[in-house]
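Chemist: Structure provided below as structure tokens; questions to follow.
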Amino acid sequence: MADIWLMRHGAYEGHRPGYHAPHEATLTQEGRDQVSNSLPLPKGIAAIVTSPIPRARETATLVSHITGLPIVATSGLLAEWRAPSIVLGRTAETYPPAYRAWRARRLANPSLRCEDGESLTDLHTRAHHCAAFLHHAAQRHGPLLAVSHTLLLGVLTHLPEGPAAFAAAAKAPWQFAELRLVPAHQRAAPGLQRPAQ
């Protein structure tokens with residue numbers, strides 16, 4: 001079974017704690033330095049897959065340029081949790097009432113969406129498909145580096161918890177350019193588990 005390593009993108013323009021980044025946010029010089037300082041990668045990694053969101057794609061491209069590893073896929077399955085557009089560019093102090101109400105109910109009703117955002121059930125289902133995609137890519141290309149975003153990475157590493165994995169992911173965010181090995185129990189079974197209905 002080929003190893004799958006997960007990496008969070010580097011720091012991006014306009015980052016603030018509790019802030020939902022706009023889709024187009026790009027890496028800062030600090031972010032590029034974080035990525036460079038995260039190298040060398042663990043031995044044996046043969047290929048890179050990435051989220052299409054600019055800050056992740058830039059991270060993957062930088063790793064590829066420095067290491068010579070090919071980027072073999074860009075997949076929306078690796079994109080960050082799709083926050084509702086009403087909170088993009090905002091911090092917790094300025095969240096609108098509709099989003100605050102959704103946050104209060106999201107764990108009790110994980111299928112609930114806030115406007116155009118992704119529900120926790122949607123995110124878990126996508127993470128489940130992403131895990132299968134990563135497993136297939138690692139079988140095809142060998143040990144893999146997947147570059148993505150903190151909440152999606154957190155859900156991937158807590159997949160057996162179902163939609164509640166979002167809460168675990170939010171409590172333990174990944175550092176910029178942090179690299180972790182996918183847990184062995186998740187590498188072993190491409191089907192993992194059925195998503196909660």
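The values are calculated or read from the model by the stated rules, or taken from the named source; none is laboratory data. The shown structure was predicted, so the numbers you read here are calculated from the model rather than taken from an experiment. Every residue, glycine among them, receives a Cβ derived from its backbone with ideal geometry; neighbour counts consider all protein chains shown. These accessible areas exclude ligands, DNA and RNA; they are computed on the full protein's heavy atoms, side chains included. Shrake-Rupley method; radii C 1.70, N 1.55, O 1.52, S 1.80 Å.
Chemist: Scan the stretch 173-183 for residues that are within 23 Å of Pro110 (Cα to Cα) and open to solvent by 50 Å² or more (accessible area, probe 1.4 Å) and jot them down.
Modeler: Pro173
Chemist: Okay, moving on. Hey, can you tell me all the residues within the stretch 100-143 that are part of a loop (DSSP other than H, G, I, E, B) and of a type in the set (Lys, Arg)?
Modeler: Arg106, Arg113
Chemist: What pairs can you find where one residue is in the stretch 88-112 and touching a residue at least 40 places away in the same chain (Cβ under 8 Å), the other is among the basic types (Lys, Arg), and their Cβ atoms are less than 8 Å apart, with a gap of 6+ or different chains?
Modeler: These pairs meet every condition: Thr91/Arg16.
Chemist: Within the stretch 76-95, is there a residue that is outside any loop (DSSP other than H, G, I, E, B) and of a type in the set (Lys, Arg)?
Modeler: Scanning the stretch 76-95, I find no residue that is outside any loop (DSSP other than H, G, I, E, B) and of a type in the set (Lys, Arg), so the answer is no.
Chemist: Name the residues in the stretch 20-37 that are in contact (Cβ under 8 Å) with a residue 60 or more places away in the chain, assigned to a loop (DSSP other than H, G, I, E, B) and of a type in the set (A, V, I, L, M), would you?
Modeler: Within the stretch 20-37, just Ala21 meets the criteria.
Chemist: I'd like to check something: does the stretch 56-72 contain any residue that is acidic (Asp, Glu), over 18 Å from Pro173 (Cα atoms) and crowded, with 20+ Cβ neighbours inside 10 Å?
Modeler: Scanning the stretch 56-72, I find at least one residue that is acidic (Asp, Glu), over 18 Å from Pro173 (Cα atoms) and crowded, with 20+ Cβ neighbours inside 10 Å, so the answer is yes.
Chemist: Follow-up question, since we're still on this one. If you check Pro40, Pro17, Pro52, which single one turns out to be open to solvent by less than 50 Å² (accessible area, probe 1.4 Å) and either modelled with pLDDT of 95 or more or in a loop (DSSP other than H, G, I, E, B) (or both)?
Modeler: Pro52
Chemist: Right, Thr150: surrounded by 16 or more Cβ atoms within 10 Å (Cβ to Cβ), closer than 29 Å to Val35 by Cα and hydroxyl-bearing (Ser, Thr, Tyr) or not?
Modeler: yes
Chemist: Please indicate, with yes or no, whether at least one residue in the stretch 144-162 is at positive phi, modelled with pLDDT under 95 and in a helix (DSSP H, G or I).
Modeler: yes
Chemist: A follow-up question, please. What about Arg8, is it within 26 Å of His135 (Cα to Cα), in contact with a helix residue (DSSP H, G or I) (Cβ under 7 Å, 6 or more places away or on another chain) and charged (D, E, K, R)?
Modeler: yes
Chemist: How many residues, within the stretch 73-102, are under 30 Å from Ala46 (Cα atoms), open to solvent by 40 Å² or more (accessible area, probe 1.4 Å) and not small (Gly, Ala, Ser)?
Modeler: 3
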